Amino acid sequence: MTAITEPIRDEVGVKASYSNTRLMAGLLGRSWLWFLAASLAISLAPILFGWGSFVVVSGSMEPAVDAGDVIIASPGYNPLTVTGRVVTFEDPIREGNFLSHRVVSVDEHGYLVTRGDANLTVDSAPVAPEAVVGTGRLLVRFVGLPVVWVRQGNWLPLVVHLALVLGAIVATALDHEPAYRGPTLRSRISQHEPRDPSRLRQRAAPTITFAVALLIGVSSTLGTAGAEVTTASFTAASFNNASRWSVPNWSYRDSVLALGPYLYWKLDETGTATTAADSSGNGRTGTYNPGGTSTYFTRLADGALVTDTPDRAVHLNSAGSCINTTSTTSINAPQVFTVMAWFRAPSSYTDGGKILGFERPQTGVLTPTAGAYDRQLYMDGNGRIWFAVYNNTHVTLNSAAGLNDGAWHMAVGTQSASGMRLYIDGAIVGSNTNTVAETQTGWWRAGCGNLAGWGGNWGGPNNPGTDSGVTQNRTFQADIDEITVLVTALSSQDVTFLYWTR
Amino acid sequence: MAYVIDTSDRRRRRALRAAAPLAALLVAALLVWQGSNAAFSAITDNTANAWTTGSLTLTNNGGGTTYAASTTGIFAETNLKPGDTGAKCITVHSGGTLPGSLRMYRGAVTGTNSAALAAVLDVRVDAVVVSAATNVQANCTGYTGGTSGAVYNGTMNGMSTTYAGAAGTSVALTGGAERVVYRIGWTVNSSAGNSVQSSSAQADLVWEVN
């Protein structure tokens, strides 16, 4: 029993020199290291089973998940139970990043609508099923904080953390039962020690502690810095709801009326009507001369405006056909005006003719000595449209040839203080600075009129000649529609818009 | 007796040393269990938001003076025709405490024949960062951003409908309370065809910060 009696003295000596502070520090250090080790193990172990482990690096999932927490996610998700759960997914905004947010709902396409707990609004982009990495299962608090600190360059807490780990290591290492001391005991110790397993543990403890500490020290700082991170990204959105733009069903007719026409003959008459109604509301009707029968006019059902109801027009059948102002009272010709007409002629038609103009006499034609004629739109033998006024000389604008192509076209001539303009199909094709047309009295007419003397402003066959001492009644023996006169000059925008509404 | 006491002391220390790791493991496990339960339970109540700290908030004045997360559309343009144009301003307020990238995009375009109209509805967005005290209303009085350096210049159709796609509209927010005035100009392209007759296009405008 010497083995018993001899250690008594020794045990007493140890007890006397072993401080409680040392013991407490050792216990704290041990606990701290084991706590870190356990947390780290829990964080990383699931990776072995194919689960994902993500360090949260931002805080939009607060308070449930803080930056520095580690989310352990099982692969995939159950669409039936996923609502309310936290999923980790590939960030649709920042490619290559992972985002962990809570599922608010599953939309009709099977996409997950997500939201950070700390965000007021749901994430704007729903998450595609294939973008989901996993469903959050375990949350290890704080263990990833070193990663966050490293990422943020927040060195102070990192240093404190490392110092604490180091302190824990030292405290743990110092807290162990000292070996037997004293020369008188040496022989006995060497004899007894190998047979005492508790002493082996005492010696091994610091070694284990150091190994664990090393693992933690390295892993929790640098090792996990390379771990996959997931953001819980802050987001906010603001809405300005239901701004609205609308384009009505613009009608050509209404748009013309909105411009305040002087007269507006839509030529929608049927049968043998002899009066062309004035849609302007001004009562300036026209008269189909010399009569309304099919000898002189064919009433067409395919007018220029496909969206108009009725969509009618007329064809002038004879060289004597004309649509004249009904009123016998002549007017002073305006210096600011717009003449506007739609016309259609086949390519075989090379006679040309007057489509719209101001003229005296009221009907028929007279030489300039007795009559007058300008402010006119006419087609030449090449299908070219001319807009012409007389200002002591022939002042004209003209389009390209070839408008006798079997299609409806819109011709608009304007004169104002800013000069003359000619538009075809809403686009300007010519302009000049002439502001004055012949001072005369007379009547507006459509489809016929004298063109004697305008032969210098003509292309192709059937030239009316330059001799104004004769009469050259040139009826436009083709189709006309939507005859309009305004005593204002339409702007190019107006013209373009009118054509657009066709 | 000293022998007994001494031995028990030593045993006590050993027991404590052995217990420490167990306690640490238990605490770690409990923390994990508690945290997982709190965060990942499907019945977690996440209605009480802690968004006032370290977060992002975004409101806009809807062209007026009252800021709200959601406002009514600043544009209600009717009887449009090709070539028509207009512009209005709207001020977006960021009340967050974090920096972020503010972008503007649109919701789905709805309405009659809306795709045709949205294809010819040219939209130009200019943005300027102002102080949190500045309030520019729909009439753009006080807007100082000019019209150079648009963050978006294209058709309504071409506007992104996602934050990710709206990178071109990014405005950097520094994290304090600040505002961004947007001048939104629109034009019905004068080359718009007759097919946009009887059409309407309605869309939400969205500002998002991330």
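The values are calculated or read from the model by the stated rules, or taken from the named source; none is laboratory data. Here the structure is a predicted model, which is why all the values come from computation and not from measurement. Cβ atoms come from the backbone with ideal geometry, glycine included; neighbour counts cover every protein chain shown.
Numbers for the structure displayed
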read-out: Close pairs from the stretch A:371-383: first crowded, with 21+ Cβ neighbours inside 10 Å, partner β-branched (V, I, T) and at pLDDT below 95, Cβ under 8 Å, at least 6 apart; value: A:Y373/A:V365
read-out: Qualifying residue in the stretch B:85-94 (condition: outside any strand (DSSP E or B) and at pLDDT 90 or above); value: no
read-out: Selection status of B:A48, assigned to a loop (DSSP other than H, G, I, E, B), modelled with pLDDT under 85 and either out of contact with any Cys (no Cβ under 9 Å at 6 or more places or on another chain) or within 7 Å of chain A (Cβ to nearest Cβ) (or both); value: yes
read-out: Among the candidates A:A437, A:A446, residue that is under 16 Å from A:H394 (Cβ atoms) and either surrounded by 19 or more Cβ atoms within 10 Å (Cβ to Cβ) or polar (S, T, N, Q) (or both); value: A:A437
read-out: Set A:N78, A:N119: member being at negative phi, surrounded by fewer than 22 Cβ atoms within 10 Å (Cβ to Cβ) and either within 9 Å of chain B (Cβ to nearest Cβ) or not charged (D, E, K, R) (or both); value: A:N78
read-out: Per-region count, the stretch B:59-108, residues among the aliphatic types (A, V, I, L, M), closer than 30 Å to A:Q493 by Cα, surrounded by fewer than 21 Cβ atoms within 10 Å (Cβ to Cβ) and facing chain A (nearest Cβ under 8 Å); value: 1
read-out: Test: residue in the stretch A:86-93 that is at pLDDT 85 or above, within 11 Å of chain B (Cβ to nearest Cβ) and out of contact with any Leu (no Cβ under 8 Å at 6 or more places or on another chain); value: yes
read-out: Selection count where residues are in contact (Cβ under 8 Å) with a residue 60 or more places away in the chain and either closer than 22 Å to A:F358 by Cβ or buried (at least 19 other Cβ atoms within 10 Å of the Cβ) (or both), scope the stretch A:288-308; value: 4
read-out: Only one of B:S114, B:S148 that is at pLDDT below 90 and farther than 30 Å from A:V57 by Cα; value: B:S148
read-out: Condition broken by A:G442, with the remaining ones in (1) over 27 Å from A:T285 (Cα atoms); (2) small (G, A, S); (3) assigned to a strand (DSSP E or B) satisfied; value: (1)
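Yes/no matrix, rows are residues, columns are (1) surrounded by fewer than 20 Cβ atoms within 10 Å (Cβ to Cβ); (2) assigned to a strand (DSSP E or B); (3) in contact with a strand residue (DSSP E or B) (Cβ under 7 Å, 6 or more places away or on another chain); (4) within 10 Å of chain B (Cβ to nearest Cβ):
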{"position": "A:A25", "(1), (2), (3), (4)": "yes, no, no, no"}
{"position": "A:S31", "(1), (2), (3), (4)": "no, no, no, yes"}
{"position": "A:W34", "(1), (2), (3), (4)": "no, no, no, yes"}
{"position": "A:A37", "(1), (2), (3), (4)": "no, no, no, yes"}
{"position": "A:S43", "(1), (2), (3), (4)": "no, no, yes, yes"}
{"position": "A:S53", "(1), (2), (3), (4)": "no, yes, yes, no"}
{"position": "A:S58", "(1), (2), (3), (4)": "no, no, yes, yes"}
{"position": "A:P63", "(1), (2), (3), (4)": "yes, no, no, yes"}
{"position": "A:A67", "(1), (2), (3), (4)": "no, no, yes, yes"}
